[in-house]
Amino acid sequence: PKWARTGPEDDDVAGKYAYARPFPELLQVGDDARCHCGASAGPSIPTEDRDCVIFDHVGAVRVKIQVRRCPECPPKSPMTAGPDLSDLGLFNMNNQTLISHALLNKYDTMLSANETTYHGFAQTLQREYESYDSEVPFMGADRFRTCWFAFMNVQPCKDDFKCSICGPEPEVVVVDGVTVCFHKRRRTAKLRPPTYTSRSSPIHEDVKPAKR
Ligand SMILES: [Zn+2]
Ligand SMILES: [Zn+2]
C-alpha cells in the first residue's frame with residue numbers, strides 16, 4: 001500500500017498498486033499459469049471454468065476462474081494451474097480462495113496502527129460482511145492467518161536485514177517480539193540480544209537445530 005512505501009525505490013520493487021472494482025465475472029488464465037507444484041500449464045491444455053470466492057475488504061463475491069489441469073500432478077489429485085491475478089490487485093491462494101490486496105492491506109494497517117490480532121480482525125470482518133450483506137461470510141481466523149502468511153511468503157524482502165559482518169540478506173535473522181527499538185534511555189551497558197550467552201546461561205542438551 002501507499003502508506004507503507006518509503007520512496008520511489010519501493011515502487012520499483014513492489015510494482016504499481018492496483019485497485020479496480022467491480023471484479024470481472026470470469027478471471028481469465030494467461031499462458032503463464034503454474035500449478036502449486038511448480039509445473040507450468042501452457043495453452044495446449046484446455047481451460048475449465050471453476051467456482052471461486054473473492055474476499056474483499058467490505059464483502060466477498062462468487063465469480064468464475066479459468067484453470068488448467070496440472071500436467072504433472074497425479075490425475076487423481078484436483079491440482080490445477082490458475083492465473084496469478086496480481087494485476088487485478090488479487091492474491092490467488094489456491095484457485096478457490098482469492099483475497100484482495102485491499103483486504104490484506106487492511107490487516108497490515110490495523111496491525112501496525114493498533115496491534116490487531118488475526119482473531120480480532122476476522123471477527124471485525126465477519127461483522128462487517130454481515131452488516132453489508134456479503135454474498136459469502138468472512139473466513140475463520142485460522143484460514144485468514146494461513147492466507148496472510150502465504151501472501152507474505154511471496155513478498156520480495158531484499159534489503160530488510162543487514163549484518164555488519166556477513167552483509168545484506170543474512171541466512172539467519174534473530175528477532176525478538178519488540179517491533180520498535182529500545183528507547184535510547186533504556187539502552188544500558190548490560191542490554192544484550194536474546195541469543196547472547198554467558199557462563200551462567202542454562203545448557204539444554206536435548207535441543208536439536210531445525211532441519212533445513
Ligand atoms: Zn502440479
Ligand atoms: Zn552476520
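The values are calculated or read from the model by the stated rules, or taken from the named source; none is laboratory data. Please read these numbers as outputs of a predicted model, since none were measured by experiment. We place every Cβ from the backbone using ideal geometry, glycine too, and count neighbours over all the protein chains shown. In case anyone asks, the SASA skips ligands and DNA or RNA and just uses the protein heavy atoms, side chains included. Shrake-Rupley method; radii C 1.70, N 1.55, O 1.52, S 1.80 Å.
Values computed for the structure shown
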item	result
Hits in the stretch 66-91 - residues which are in contact (Cβ under 8 Å) with a residue 60 or more places away in the chain and surrounded by 15 or more Cβ atoms within 10 Å (Cβ to Cβ)	LEU88, GLY89, LEU90, PHE91
The stretch 12-65, subset within 15 Å of PRO83 (Cα to Cα) and among the polar types (S, T, N, Q), residue surrounded by the most Cβ atoms within 10 Å (Cβ to Cβ)	THR47
Residues of the stretch 125-136 that turn out to be part of a helix (DSSP H, G or I) and under 20 Å from LEU90 (Cβ atoms), as a count	3
Subset of the stretch 2-11 [surrounded by fewer than 10 Cβ atoms within 10 Å (Cβ to Cβ) and not aromatic (Phe, Trp, Tyr)]	LYS2, THR6, GLY7, PRO8
Residues of the stretch 137-157 satisfying the condition of being in a loop (DSSP other than H, G, I, E, B) and either farther than 15 Å from ASP56 by Cα or open to solvent by 40 Å² or more (accessible area, probe 1.4 Å) (or both)	PRO137, VAL154, GLN155, PRO156, CYS157
Residue in the stretch 39-57 that is within 19 Å of the chain's Cα centre (by Cα) and within 14 Å of TRP148 (Cβ to Cβ) present	yes
Flag for THR97 being surrounded by 20 or more Cβ atoms within 10 Å (Cβ to Cβ), at pLDDT 90 or above and not small (Gly, Ala, Ser)	no
Residue within the stretch 58-77 that is under 28 Å from TYR132 (Cα atoms), within 20 Å of the chain's Cα centre (by Cα) and at pLDDT below 95 present	yes
Whichever residue in the stretch 102-136 is in contact with a Phe, Trp or Tyr (Cβ under 8 Å, 6 or more places away or on another chain), hydroxyl-bearing (Ser, Thr, Tyr) and more than 22 Å from PHE23 (Cβ to Cβ) and, among such residues, is most open to solvent (accessible area, probe 1.4 Å)	TYR118
Residue within the stretch 204-212 that is at pLDDT below 80, among the charged types (D, E, K, R) and within 16 Å of ligand 2 (Cβ to nearest atom) present	no
